[in-house]
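The values are calculated or read from the model by the stated rules, or taken from the named source; none is laboratory data. Please read these numbers as outputs of a predicted model, since none were measured by experiment. Cβ: placed from backbone, ideal geometry, glycine included. Neighbour counts: every protein chain shown. Accessible surface is based on the protein model in full, side chains and every heavy atom, while ligands, DNA and RNA are left aside. Shrake-Rupley method; radii C 1.70, N 1.55, O 1.52, S 1.80 Å.
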Amino acid sequence: MFNRRKFLGSSLLGIAGSIIGKKTIASPIHNGVTGKPIVISTWDFGKPANAEAWKVLSTGGRALDAVEAGVKIPEADPNIQTVGYGGLPDRDGHVTLDACIMDENGGCGSVMCLEHIVHPISVARMVMEKTPHVVLVGEGALQFALANGFKKENLLTPKSEKDWKEWLKSSKYEPVINIENKLANISTSTAVMPGSEFNHDTIGMVALDAKGNLSGACTTSGLAFKMHGRVGDSPIIGAGLFVDNEVGAATSTGVGEEVIRIVGSHLVVELLRQGMSPEDACKKAVERIVNRNPEKAKTLQVGFLALKKNGEFGAYAIQKGFSYAVKNGEQEKMYDARSLF
Ligand code: GLY
């Protein structure tokens, strides 16, 4: 079905997200300081996700409930080929999903390489709340989900199956930046901002509720046409997501392998603890990745997004084109993160 030798000889690089017509504004010169409650999330699909989370936050609900409800919107949307139902499959045609969630008490749950379940974030929450464990993977995660009332479904939509079959013709596992934008019906004909060829995948969402508690959620179908069993940063606590209710919360998007290598979201939160602003903390984490291999970094995208305990938020990315969505009582806006390149 594919040439493993060719694959193993090539580097793992990022696959793009379907980013469409933009009405973004530049990141605040200084990090946005806002009152609580507030929810922020990655990419354009963060806006409708935030709106759903806001229903919980604006009525005094818990940040944990808000982030779960929020990320379920892109998980269920078949047009988003990088998260949940309709996600692009792995190289063998399996749609395998990764998700994690973390609450204000340091509770966390994660599922990795989960198939057939539309809402992996809710399974991750159940792992956190109903088991003594943090992570369930693959078949075990599926068994757990089915035993707890989740329905087994086919997540491979005709569109993603067609795209996979097209990819199989070459089975090239090499940098195909912005592959979703090339594949998707949407996005190529609309106003795509400069640099958006590096746009990526995951929805990461962090929220601060009216009581001043933080939570976060992160969910993705991961790298398109990945090796079966590959897991990125998104479901790894500390890499794709980290919440410390004393300090702040952070999440990431982009090439997961690079984020795992620096335990990115945990790093950002620790930098917040040292007194850095959210944007500066995210920038420092990006620099950590780039400094490890500056040449390689030119070809990939990673973005971080952070929220402090006081409601201050910020983001930073390697490449231009990382948008993020912010919603609170005063604003519902898209921002463009600043970037190194
Ligand atoms: N950031 C998503 C992934 O690499 O799977």
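Here are the numbers for this structure:
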item	result
Label point at MET227 placed 7 Å out along Cα→Cβ; residues across the stretch 258-288 whose backbone nitrogen lies under 19 Å	258-262
ASP92 versus THR59: modelled label distance in nm, points set 7 Å from Cα along the beta carbon direction	4.3 nm
Potential extension, GLU330-ALA210 segment - 0.36 nm per residue separation minus Cα distance	41.8 nm
Portion, in percent, of the accessible area of the stretch 250-341 that falls on carbon or sulfur, probe 1.4 Å	46 percent
Residues ASN148 and ARG273, FRET efficiency given R0 of 35 Å [Cβ-Cβ distance, rounded to 0.05]	0.50
Candidate aspartates and glutamates for bridging to LYS283, where Cα separation is under 16 Å - those fewer than 8 sequence places away on the same chain excluded	GLU258, GLU270, GLU312, ASP336
Summed residue charge, Cβ within 15 Å of ARG125's Cβ, Lys/Arg positive, Asp/Glu negative	-4
Charge sum, other residues only, whose C-beta stays under 13 Å from GLU312's C-beta, Lys/Arg counted +1 and Asp/Glu -1	+1
Solvent-accessible surface (1.4 angstrom probe) belonging to TRP54, in square angstrom, nearest 10	40 Å²
Solvent-accessible surface (1.4 angstrom probe) belonging to HIS266, in square angstrom, nearest 10	70 Å²
Å² of accessible area per residue within the stretch 186-341, as computed with a 1.4 Å probe and no ligands counted	31 Å²
Filtered GluC sites (Glu not before Pro), the stretch 229-266: DSSP coil and at most 16 other beta carbons within 10 Å	GLU246
Cross-link reach list, lysines versus LYS159, counting only Cα pairs under 24 Å and skipping chain neighbours closer than eight places	LYS22, LYS47, LYS72, LYS151, LYS169, LYS172, LYS182, LYS226
Surface per residue (accessible, 1.4 Å probe) for the stretch 28-155, Å²	36 Å²
Extension reserve of the ARG292-THR131 stretch, reckoned as 0.36 nm per residue once the Cα distance is removed	54.2 nm
Eligible aspartates and glutamates near LYS55 by straight Cα distance, threshold 20 Å, same-chain separation 8 or greater	ASP44, ASP65, GLU68, GLU75, ASP77, ASP103, GLU104, ASP209, GLU330, GLU332
Local electrostatic count at THR202 - Lys and Arg +1, Asp and Glu -1, tallied over other residues with Cβ under 11 Å	-3
Cα→Cβ-extended label distance, 7 Å offset, between LYS169 and GLU139, nm	3.6 nm
